[in-house]
1. In whole percent, how big is the carbon plus sulfur part of the accessible area of region 564-619, probe 1.4 Å, protein atoms only?
2. Work out, step by step, the length gained on full extension between Lys311 and Ala28: first 0.36 nm times the residue separation, then minus their alpha carbon distance; give nm to one decimal.
3. What order do you get for 545-555, 323-333, 19-29 when each peptide is scored by the mean count of other beta carbon atoms within 10 Å, highest first?
4. For region 194-253, what is the accessible area per residue in Å² when the probe is 1.4 Å?
5. List the aspartates and glutamates whose alpha-carbon lies under 13 Å from that of Lys271, not counting same-chain residues fewer than 8 positions away?
6. Just to make sure I understand: if all protein chains stay in place, what is the order of Ile242, Ile198, Ile499 by accessible area at 1.4 Å, largest first?
7. Of Lys22/Lys61; Lys54/Lys182; Lys243/Lys462; Lys104/Lys311; Lys367/Lys558, which sit over 31 Å apart, Cα to Cα?
Amino acid sequence: MEQIGIDTLLRVGIDVGSTTVKVVVIDAADRAAYGDYQRHRADIRATIIAVVAKALDAMEKTLPMGAAQRIAVMVTGSGGLSVSQWLGIPFIQEVTAATVAVKKLIPQTDAAIELGGEDAKITFFSPNNIEQRMNGTCAGGTGAFIDQMAALLETDAPGLNELARNALTIYPIAARCGVFAKTDIQPLINEGARREDIAASIFQAVVSQTISGLACGRPIRGRVAFLGGPLHFLDQLRERFIKTLHLEGDAIIVPPESQLFVALGAAYEAKADITNNADVTNNADTADSANNAGTQGLTIAAFRDSLELLKGAELRETLRLEPLFHNPEELAAFRARHAVECAPVGDLDKAAGPVFLGFDAGSTTTKAVLIDREARILWRFYDVNAGNPVELAVRVLKDLYGVLPQEAFIARSVSTGYGEALFQAAFNVDSGEVETIAHWRAADALMPGVEFLLDIGGQDMKCLRMKEGVITHIQLNEACSAGCGSFLENFARSLGMDIREFSRIALLAEHPVDLGTRCTVFMNSRVKQAQKEGATVGDISAGLAYSVVKNALFKVIKLRNASQIGTKIVAQGGTFNNDAVLRAFEMIAGVEVYRPDVAGLMGAYGAALIARDEWGEMA
């Protein structure tokens with residue numbers, strides 16, 4: 001932004017967002033005299049100090065020698081409230097700040113769409129009403145989501161924008177959840193889809209998520225303003241919005257410096273006569289001297305000195321949780337207890353007569369189990385399907401028939417999971433079964449009278465409650481896969497680690513980080529902040545294990561108290577092969593949990609048991 005002459009009182013707006021820090025200076029003539037936009041990369045304090053100090057330097061250069069310029073400051077954004085408390089400056093809610101800037105600079109706006117690092121907003125303007133909508137627990141379709149998707153194509157957000165410029169085809173990609181979106185994108189990459197088309201499809205997914213998730217059926221009509229960093233810097237993302245909303249001519253509003261609009265609104269609202277009324281939670285001499293300026297406003301020198309308060313401040317201090325295991329002896333006892341929880345096993349080489357095959361075609365993996373008439377497991381298979389479960393299943397079946405004794409024959413087969421119908425059509429599988437029933441059948445076989453079953457897979461989560469052998473309640477995750485297997489694998493991969501090693505170092509971590517139960521995009525920010533505060537990778541891994549279980553119990557199942565789940569509990573699904581997740585479940589629920597050694601194969605084992613049951617009924 002071009003610097004211009006500054007006189008009398010200056011107003012400064014600081015926007016501390018989830019991924020960026022923005023600062024704007026407004027002169028006495030209501031002109032934007034200075035603006036800056038920088039990513040903080042989770043080092044919020046250092047970035048605020050650097051960005052604001054740079055702005056103050058620019059202001060001082062315009063002053064006569066020895067002059068003391070007066071300023072009024074207001075802060076906004078998701079991290080702004082803590083800054084407000086530490087520096088003793090007023091805070092304004094970011095949606096309100098953006099609305100102030102829109103009304104002042106582009107009053108003809110009928111609707112404003114703003115995308116930030118982890119948030120998305122739509123504001124509808126009408127003569128007598130303003131309606132504001134913002135994302136809540138999901139950050140799908142935001143700037144951080146775009147960053148994650150760009151990494152899949154081995155580029156960054158600007159690179160994604162350049163790729164999208166030459167797109168020819170739009171593919172359907174989920175934007176509601178970053179984990180789901182990656183599963184849509186990976187098969188496209190594997191099948192050789194053009195990177196340009198995938199890039200444009202990612203932008204279209206963001207558009208679809210914003211319009212459907214925030215507008216919720218309300219038409220976006222009239223003159224539409226596009227605000228925020230992603231829509232300012234990524235013109236191809238903006239183009240996808242324009243085409244989807246069928247906008248033309250003056251209906252398209254792209255104001256200059258649209259990435260700074262929230263900071264602009266904060267600056268417009270800054271007033272010298274309220275700088276001495278801010279609630280300063282940290283009583284420091286520098287802050288007191290700054291605020292004592294009263295209605296005359298702060299001086300640049302006083303505000304510069306007050307920035308020193310940030311150096312020792314913890315703006316987003318992360319809480320810590322109890323260690324999963326306090327010592328190696330506790331870990332050894334835990335492993336010994338679970339080592340005896342085994343499914344019956346038979347010898348395939350000695351098998352004769354009818355055997356029964358169960359397939360579980362999951363979202364990210366394919367599982368198969370072969371059992372005999374005594375329900376003993378003769379053969380098993382588990383592998384990632386890499387977006388092509390049929391090709392993997394063909395190889396699996398060839399391997400199975402290569403080792404199946406001549407005296408044995410597959411009497412009946414059953415498929416379950418996402419690919420239930422696909423496997424029936426492709427391999428002439430005899431029948432299919434809903435995966436919740438298949439999982440319950442396996443759990444009840446290994447723990448008769450099971451009361452509560454929690455299954456966590458690659459992208460899904462299932463909870464079943466049983467009473468006297470009857471399923472009374474079923475709950476599944478819907479649009480969010482935070483807390484599933486892919487969630488943990490993505491974090492491990494982002495840290496350059498194998499999931500097994502990532503899980504192992506969680507077990508004896510001394511200070512697990514409380515990362516909450518929000519979506520993967522939000523949690524990434526907490527992880528980065530925890531790292532800045534000295535958390536080890538083990539602390540983060542242990543914190544994620546806690547988050548998986550809390551997400552399942554309190555966000556998906558919506559329990560008020562974990563003790564409501566009973567005492568005969570089975571944990572299954574590949575995610576529970578992670579000892580850290582299992583331990584977190586036991587600690588939160590306050591009970592010992594049964595985890596079979598075939599936790600990741602329970603859907604396939606249940607399908608095989610159902611195949612055996614059906615064969616018996618037909619005999």
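The values are calculated or read from the model by the stated rules, or taken from the named source; none is laboratory data. This structure is a prediction, so every number in the text was calculated from the model and none was measured. Neighbour counts are summed over all protein chains in view; Cβ atoms, including those assigned to glycine, are modelled from backbone coordinates with ideal geometry. All accessible areas refer to the heavy atoms of the entire protein, side chains included, with ligands and DNA or RNA removed. Shrake-Rupley method; radii C 1.70, N 1.55, O 1.52, S 1.80 Å.
1. After summing per-atom areas, the C and S share lands at 48 percent.
2. Gain on extension, Lys311 to Ala28, equals 98.8 nm.
3. With the highest mean Cβ count within 10 Å placed first, the list reads 545-555, 19-29, 323-333.
4. I get 41 Å² per residue for this part.
5. In chain and number order, the partners are Asp27, Asp30.
6. These residues rank, largest area first, as Ile499, Ile242, Ile198.
7. Cα-Cα > 31 Å for Lys54/Lys182; Lys243/Lys462; Lys104/Lys311; rest within.
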